[in-house]
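Contents: one structure, followed by commentary.
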Amino acid sequence: MALGIQIVYDCADPDRLARFYAAALHYKLQDPPEGFATWEEFLASIGVPKEEMNDASAIVDPDGKGPRIYFQRMDTPKPRKNRLHLDLNASGGRKVPAEERRRRIDAETARILSLGLAAKKVTVSDDPNSYFVTMLDPEGNEFDLH
């Protein structure tokens, strides 16, 4: 039986990165435990000091299909190049005509940039058979739109 996975990001600001990826991936912030209206309410109930309430955050696929993504505060600096990155599959895949794949990728790139959450476009592939856009999230982690 295959094991479920969770993706974990070490980051400086878990809440900011969680909100960015929730918007970019069409995910949502994970709901607080039952009986609590907010995460702050839950964390206060178990004695977490206010200054530690942004030590972690998580997002989930509202349809329950994709993995949970967990963001944890780390004080270590980001390495120069990610050894792992996300590919956001916006194009519809190779069954979609190349011009339409490019249009979809460009539209999704524009949508993510318009979120106002400090994403940046870095490079665009010139290969018409394998078009993709590389972007940076608010903390400088690379991800690709395919």
Between the range 110-145 and the range 5-49, the Cα center-to-center distance that results, in Å: 24 Å
Put +1 on the Cβ of every Lys and Arg and -1 on every Asp and Glu Cβ in the chain; which of HIS146, VAL8, SER57 then has its Cα farthest towards the positive end of the dipole? HIS146
What relative contact order, as a whole-number percentage, does the range 1-128 give when Cα pairs under 8 Å and 6 or more residues apart are counted? 27 percent
Choose one of PRO67, ALA23, LEU136: the residue whose Cα lies farthest towards the positive end of the charge dipole of the chain (beta-carbon charges +1 Lys, Arg; -1 Asp, Glu; about the Cα centre). LEU136
Options [x] 1.17; [y] 1.27; [z] 1.04 for Cα Rg over 2.2 N^0.38 Å; the value derived from the coordinates is listed as [x]
Can you compute the charge dipole magnitude of the chain about its Cα centre, using +1 on each Lys and Arg Cβ and -1 on each Asp and Glu Cβ, nothing else charged? Give it in debye, rounded to the nearest 20. 620 debye
Qualifying GluC sites (Glu not before Pro) for the range 24-97 [loop in DSSP, other Cβ within 10 Å: at most 10]: GLU34
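When only C-alpha pairs under 8 Å and at least 6 residues apart count, what is the relative contact order of the range 76-146, in percent? Let's see the in-between values first.
Details: 100 pairs, mean separation 25.1, N = 71.
Rounded, it is 35 percent for the range 76-146.
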Local charge sum around LEU86 (other residues, Cβ-Cβ under 12 Å, Lys/Arg +1, Asp/Glu -1)? -4
All lysines inside 24 Å of LYS95 as judged from Cα atoms, apart from same-chain residues fewer than 8 positions distant: LYS65
Going Cα to Cα from LYS78, which lysines come in below 23 Å? Please leave out same-chain ones fewer than 8 positions away. LYS120, LYS121
Mean residue ellipticity (222 nm) of the chain, computed from DSSP H runs ≥ 4 via -39,500 (n - 2.57), nearest 500: -7500 deg cm²/dmol
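Every number here is computed from the coordinates shown, using simple stated rules; none is lab data. Keep in mind that what you see is a predicted model, and the values were worked out from it rather than measured. For neighbour counting, all protein chains shown are included, and Cβ atoms are generated from backbone atoms with ideal geometry for every residue, glycine included.
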